[in-house]
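This report refers to the structure that appears directly beneath it.
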Amino acid sequence: MIKTESESCFSNCGGLFMSESQIKEKYTSSKSLINDLIRLTRSDQYIFRGISRRAELKPSICRKYDRSTQTLINLKEQEFALLHQFRQQASNLLSGTMETLDYVACAQHYGIPTRLIDWTYNPFTALYFALAENKQPEEGYYELFVLPLKEQIVIHRSYNQSKWNPISNEFVEDYADFLKLIRDKSRFLTVVQERNAALNKLNIVSNTPNPKGLIIYNGSSSNSRLIAQAGLFSIPSSIEAEDSVREIRGTASCIQIELTAKERLETLVFLDNMGYNKQRLFPDLQNLCDSIVSQALQDQSVSK
């Protein structure tokens, strides 16, 4: 289970971790952290999110960075308009069978701010995202959130009325219906339980959802970036004020990571050697070029 430096049990949400993992609440050595995370990856029962700013527990629709004003902008009133334009203009660039949340997830990963919050099955991917964006974390430490997946409400397809349907021509309306449903969590739980029971009759094992868990959308095969990042999403019940922040902090356990500037760079080099870098996690030409330039700058910093 996750433990503090004094080896006391640690869990924010009551869901305890594997006793053999010996994960601490706080790390000041990336070597120690990486060794412990390797043990944690023996199981696929956890998902992770790494951050360096408190605002990163809010969905991107509530914190889009405006370079012209150098401020964070809340675009929640434009949520459906943004997705509608994406659906209209990007359809010919996307391939395969996609459903409502697939479109939203794809929009998120290619720059449209949405209410979905990124998580990953891979703790090293989460660690990379925590360390790579900001040299100086807001609170003096980076944070790695750990969530027991089996204790959440996991869905794999979007919901419309009483079925899990392919996307319609008016997918934004379908998405709005889905968001309306999840605001009534007890009703949504009933729907998920009914669907899981039907799957169990077909010998497809589905976990019983936890009423206190986060709603998790597992759409990891809907686009190349999600596949590369082993990504999935939490869907907050509310995006008002600090609701999504409280929801995550009240459910997931948190590891605090304090590193010197030198050790941060050394950790990023280690992660890069392991394949956790912009080139791999964002597999397209633009990011390939960005990765080459970033590597040159990083090498220069380390050599000083």
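The values are calculated or read from the model by the stated rules, or taken from the named source; none is laboratory data. This is a predicted model, so every value here is computed, not measured. We place every Cβ from the backbone using ideal geometry, glycine too, and count neighbours over all the protein chains shown.
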*Could you please find all residues in the stretch 77-88 being touching a residue at least 40 places away in the same chain (Cβ under 8 Å) and either over 14 Å from GLN108 (Cα atoms) or exposed (fewer than 15 other Cβ atoms within 10 Å of the Cβ) (or both)?*
PHE80
*In the stretch 71-105, what residues are part of a helix (DSSP H, G or I) and aliphatic (A, V, I, L, M)?*
ALA81, LEU82, LEU83, ALA90, LEU93, LEU101, VAL104, ALA105
*Among ARG195, ARG225, which is in contact with a Pro (Cβ under 8 Å, 6 or more places away or on another chain) and modelled with pLDDT under 85?*
ARG225
*Taking helices (runs of 4 or more DSSP H) that do not extend beyond the stretch 200-304, which have at least 3 residues that are β-branched (Val, Ile, Thr)?*
285-303
*Hey, ILE227 within 18 Å of PHE129 (Cα to Cα) and surrounded by fewer than 17 Cβ atoms within 10 Å (Cβ to Cβ) or not*: yes
*asked:* Just to be sure before I move on: is ASP284 modelled with pLDDT under 80 and either β-branched (Val, Ile, Thr) or in contact with a helix residue (DSSP H, G or I) (Cβ under 8 Å, 6 or more places away or on another chain) (or both) in the structure I sent?
replied: yes
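Residues ILE216, ILE239, ILE248, ILE255: which one is more than 20 Å from PRO123 (Cα to Cα), touching a residue at least 40 places away in the same chain (Cβ under 8 Å) and surrounded by 19 or more Cβ atoms within 10 Å (Cβ to Cβ)?
ILE239
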_Which numbered condition ARG49 misses (of (1) of a type outside the set (Val, Ile, Thr); (2) crowded, with 18+ Cβ neighbours inside 10 Å; (3) assigned to a helix (DSSP H, G or I))_ = (3)
_Qualifying position, being farther than 30 Å from LEU189 by Cβ, touching a strand residue (DSSP E or B) at 6+ places or on another chain (Cβ under 9 Å) and at pLDDT below 85, among ASN92, ASN134_ = ASN134
